[in-house]
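First up is the structure itself, then whatever we jot down about it.
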Amino acid sequence: MRERIFRFLVLCGVAGLSGCADPISVAPEKSVGILSFRYESASPDFNGSFAARGFPRLQGQSGPWAGGVARGTSQTEIHAVAGDPTPGGVFITVKDLVTGTAHLDPECTSSCNRMVITLSDVGAGRETYACEMSEGVLAIRLRTKNRVRGNFSGTGTCWSSATAERPAIRVTDGMFDVGLLRED
């Protein structure tokens with residue numbers, strides 16, 4: 001049970017979530033996850049790929065992983081942390097969708113679908129950027145009690161505290177196939 005709680009807390013910590021005290025049930029141990037995508041920008045130094053594969057890590061462990069959290073049927077969250085070639089992380093929130101397609105709406109102000117990506121060691125100055133997609137598509141192809149699979153793509157803007165550069169980014173070929181932790 002302690003390991004289950006640590007896994008959930010790691011997911012919450014990476015995603016910057018709050019309200020993580022609800023009871024959870026855990027997907028089977030064969031819940032290795034994968035999340036990958038390609039990204040491009042007008043800057044040749046800001047193009048590449050992201051891939052994360054592995055089990056969600058316990059607190060204090062490092063290494064790439066991908067996983068998800070199901071908050072009833074009203075919200076699915078996909079999280080990933082990657083190492084080389086591009087270290088960073090991904091946080092995707094899909095609201096009110098079990099299967100089908102959801103759109104990112106730049107005009108949404110509450111209860112929104114979201115996709116936030118962090119990319120490290122990119123751009124001309126090899127900086128870390130946070131990128132929020134303002135438009136795009138999140139598709140859930142399969143959602144079972146213990147697994148979620150889907151695709152995503154989008155466009156948005158990135159920013160870094162180390163530079164004034166705010167490159168536009170385009171994400172393509174996004175896919176995820178991850179085990180789900182359940183918050184009931």
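The values are calculated or read from the model by the stated rules, or taken from the named source; none is laboratory data. A quick note: this is a predicted structure, and the numbers were derived from the prediction, not measured. Glycine gets a Cβ as well: all are built from the backbone with ideal geometry, and neighbour counts include every protein chain shown.
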For region 14-56, enumerate the residues that are outside any loop (DSSP other than H, G, I, E, B), crowded, with 17+ Cβ neighbours inside 10 Å and modelled with pLDDT under 85.
14, 15, 24
Scanning region 135-163 for residues that are among the polar types (S, T, N, Q), surrounded by fewer than 17 Cβ atoms within 10 Å (Cβ to Cβ), in contact (Cβ under 8 Å) with a residue 24 or more places away in the chain and farther than 21 Å from residue 74 by Cα gives 157, 163
Would you please name the residue that is surrounded by the fewest Cβ atoms within 10 Å (Cβ to Cβ), looking only at residues in region 57-66 that are of a type outside the set (Ser, Thr, Tyr) and at pLDDT below 90?
60
Within region 91-122, considering residues that are touching a Phe, Trp or Tyr at 6+ places or on another chain (Cβ under 6 Å) and more than 17 Å from residue 77 (Cβ to Cβ), the one modelled with the highest pLDDT
119
Within region 98-127, which residues are in contact (Cβ under 8 Å) with a residue 40 or more places away in the chain and surrounded by 16 or more Cβ atoms within 10 Å (Cβ to Cβ)?
104, 115, 117, 119, 122, 123
